[in-house]
Amino acid sequence: MPSALPVLFSVSCFNYEPDVGSPAFAKQMRSTGVEVEDIYVPPAGFGDLGEWARAVIEVVESRRDPAVPLHLMAYCGGGNLTLAALHQLEAAGIFPEFVAFIDVREDQESYRLERGIDSRNHVSWMVRLRCALIRLTPPDRESLAHVLRSVAQRSISSVRELPKWGWRGRKLRKPWLFEVLRLTYPWEFDGVVTPVHLYNTADSFQRYGANDPSLHVGRNLFGGFVVRIIEGSHENCIEPPHSADLIARINADRRAVVAGEGAFQ
């Protein structure tokens, strides 16, 4: 039976095949009677994440009815792109009625250093320095000795990797992923006041979140957030059989929001 819910705009940062990733998940959602629009803008040619987010907003605004409340959804790296877009939408006076982030995470500064992520994705030294300073500030302040020790350990590892990978670790980069990460990792996120529904796997809490159920995205969500624990892992939570329960949860949350009975009403 057709749903009275507004169109759900599903933002993706990768050009998945129709039966893979976010488009496949959107197709499954459509089978439940809701209308979903796939939004994909290639990342190549943009100077930073803000420019890319503006291009995404232009596509969304060209397809939606401005008289109808805006509903957004994003999975994985698409959530970072959507977070940057949300900040710009709010500045323009547009506040989405519903936003869903599916297993979206923000890597902690220590994790970025440990994995050499900033080096591989051409993050400037100024941003890297700020990331190190963030580790020294409350509420999760680390000791200066611990931060310096981890920086020294990463430096030693980098020297050992030189003969095999080179300074930038080009052989460690996945070409299809590089353009997305090149724009995402240098970006310093502004907080948003739009409430957000987070659908995260317990597996991700342990692997990436240091048991933070928001996967560290919560520090940017000034308007509040609610976490729904979903089945599966980061890699398969939007695939059958786990996707059926996830879709039911998202549809139920959207109906509650439209009815004025959601978690934030």
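The values are calculated or read from the model by the stated rules, or taken from the named source; none is laboratory data. What you see is a predicted model, and the numbers here were worked out from it, not measured in a lab. Cβ coordinates were reconstructed from backbone atoms using ideal geometry, including for glycine residues, and neighbour counts include every protein chain displayed.
Quick notes
- Matching residues in the stretch 53-102 - criterion: being of a type in the set (Ser, Thr, Tyr) and either within 23 Å of Gln265 (Cβ to Cβ) or in contact with a Pro (Cβ under 7 Å, 6 or more places away or on another chain) (or both): Thr82
- Only one entry of Glu90, Glu51 meets the criterion of being among the acidic types (Asp, Glu), in a helix (DSSP H, G or I), within 27 Å of Val20 (Cβ to Cβ) and in the same structural domain as Gly209 (by TED's automatic domain parsing), and that entry is Glu51.
- Spans of helices (runs of 4 or more DSSP H) in the stretch 94-189 with at least 3 residues basic (Lys, Arg) and either assigned by TED's automatic domain parsing to the domain that holds Ala84 or farther than 25 Å from His234 by Cα (or both): 144-165
- If you go through the stretch 197-231 and pick out every residue that is in contact with a helix residue (DSSP H, G or I) (Cβ under 8 Å, 6 or more places away or on another chain) and surrounded by 21 or more Cβ atoms within 10 Å (Cβ to Cβ), you end up with 6.
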